[in-house]
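These notes are about the structure you will find just below.
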Amino acid sequence: MRTWAHELGFSHIGVSGVDLSSAEPRLLEWLALGYHGNLQYMERYGLKRARPAELLPGTVSVITARMPYLPRSTSPDWQALERARLDAPTEGVVSLYARGRDYHKVVRGRLRKLCDRIETLVGPFGYRVFSDSAPVWEKELASRSGQGWRGKHSMVLSRDAGSMFFLGEIFVDFPMEPTEPVSEHCGTCTACIDVCPTGAIIAPGVVDARRCISYLTIESHDPIPVELRALMGNHIYGCDDCQTICPWNKYAQKTEIPDFDERSPLVGQQLVDLFAWDEATFLKNTEGGPIRRIDHVRWLRNIAVALGNALRDADETQAAELRTALLSRAHHESAMVREHVAWALAQRPGPGDPVWP
């Protein structure tokens, strides 16, 4: 089965049981503190995330898998290169995982192919595949099955693969011997906590989603909290800061799958050019990718914040260009876009600007 998994692009597979009851109090406390923000599905499904046999009756074991997603062209110094993007305030930074095709479909499709091969070995069996696509407690299942340990940024970390991989699961209706979990190797390192721009990692392994840039730019449908906007820099979709700083990611693996290669319209682009995309261009340039999870309005919302952050310290020539871009959306039909544009312009006010607040 491991050989088949490797042939399908998975770097590692493991097996977990379905009893996650010992971790349920931690999940309930996180929800009670409101750290899930407006992720209502987290609250709606509650403990079902921790009970695989309730999500899919008949489930006896869970096969877990990880799939690297660093593009095939990734250079050895990729971490430094990605961090350098943060020092180029007029460039829009899209999270690494979002620069290729939508991983949900890729991972699930290959898990189904793995199931077809398993069926040749054990005969017909009941199963369902997942990849960030249902109330599945992926990180808990992954860590229990030896995919890695839970890092202080809350993601799964592996000594030989870092954290730059997608997770997937196969719920099966026959028993399998669980694989052993691995020990934790973060030690005294707090790099991920220290580097988080918005202080979202409030304790080792505990993330307040309401402050997380990935949540703010992807999951949230609301205006971005004013007190967090200046902290977001030039992030316009997701954030990799806690991963690009992590020492273990020097061992991150490149993908073998062309679907995860970078798409040029999303990488190394200037904010003013991305802000100029109309809805048709946005849909065309993000077709088949995970950025489709947000709409054009939220795309403009995110970029307006980044433009405001760039405007604050830009030279006169850059400032004029940034202001022209922002003013082009000052009368946008969306009140949320108009408000974020007004905020951005207020970072360096000019005559005739829309009033904010």
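What single numbered condition from (1) under 19 Å from residue 175 (Cβ atoms); (2) hydroxyl-bearing (Ser, Thr, Tyr); (3) part of a loop (DSSP other than H, G, I, E, B) fails to hold for residue 133?
(1)
Can you spot a residue in segment 169-189 that is touching a helix residue (DSSP H, G or I) at 6+ places or on another chain (Cβ under 8 Å), within 24 Å of residue 71 (Cβ to Cβ), outside any loop (DSSP other than H, G, I, E, B) and not charged (D, E, K, R)?
no
If we scan segment 164-180, do we find a residue that is buried (at least 17 other Cβ atoms within 10 Å of the Cβ) and over 26 Å from residue 19 (Cβ atoms)?
yes
May I ask you to list the residues in segment 50-87 that are among the polar types (S, T, N, Q), farther than 24 Å from residue 25 by Cα and assigned to a loop (DSSP other than H, G, I, E, B)?
Answer for segment 50-87, where residues must be among the polar types (S, T, N, Q), farther than 24 Å from residue 25 by Cα and assigned to a loop (DSSP other than H, G, I, E, B): 73, 74, 75.
Tell me the residue from 187, 151 that is modelled with pLDDT of 95 or more and on the phi > 0 side of the Ramachandran plot, please.
187
Would you point out which residue out of 81, 70 is of a type outside the set (S, T, N, Q), without any contact (Cβ under 8 Å) to a residue 12 or more places away in the chain and closer than 30 Å to residue 250 by Cβ?
Going through 81, 70 in turn, just one is of a type outside the set (S, T, N, Q), without any contact (Cβ under 8 Å) to a residue 12 or more places away in the chain and closer than 30 Å to residue 250 by Cβ: 81.
With respect to residue 47, is the statement that it is at pLDDT below 90, under 21 Å from the mean Cα position of the chain (by Cα) and part of a helix (DSSP H, G or I) true?
Here the answer is no, as residue 47 does not meet what is asked.
Yes or no: segment 209-218 includes at least one residue that is part of a loop (DSSP other than H, G, I, E, B), surrounded by fewer than 16 Cβ atoms within 10 Å (Cβ to Cβ) and free of Cβ contacts under 8 Å to residues at least 60 places away in the same chain.
no
Every residue, every condition in (1) over 24 Å from residue 131 (Cα atoms); (2) more than 19 Å from the chain's Cα centre (by Cα); (3) modelled with pLDDT of 95 or more; (4) surrounded by 18 or more Cβ atoms within 10 Å (Cβ to Cβ), yes or no:
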{"residue": "26", "(1), (2), (3), (4)": "no, yes, no, no"}
{"residue": "41", "(1), (2), (3), (4)": "no, no, no, no"}
{"residue": "66", "(1), (2), (3), (4)": "no, no, yes, yes"}
{"residue": "82", "(1), (2), (3), (4)": "yes, no, yes, yes"}
{"residue": "87", "(1), (2), (3), (4)": "yes, yes, yes, no"}
{"residue": "93", "(1), (2), (3), (4)": "yes, no, yes, yes"}
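Applying the selection to segment 304-324, what residues are surrounded by fewer than 24 Cβ atoms within 10 Å (Cβ to Cβ), hydrophobic (A, V, I, L, M, F, W, C) and in a helix (DSSP H, G or I)?
Within segment 304-324, 319, 320 meet the criteria.
With the condition kept exactly as written, say whether any residue in segment 88-104 is under 22 Å from residue 15 (Cβ atoms) and of a type in the set (A, V, I, L, M).
The answer is no; no qualifying residue exists.
The values are calculated or read from the model by the stated rules, or taken from the named source; none is laboratory data. The shown structure was predicted, so the numbers you read here are calculated from the model rather than taken from an experiment. Quick reminder, even Gly has a Cβ in these numbers, built from the backbone with ideal geometry, and neighbours come from all protein chains shown.
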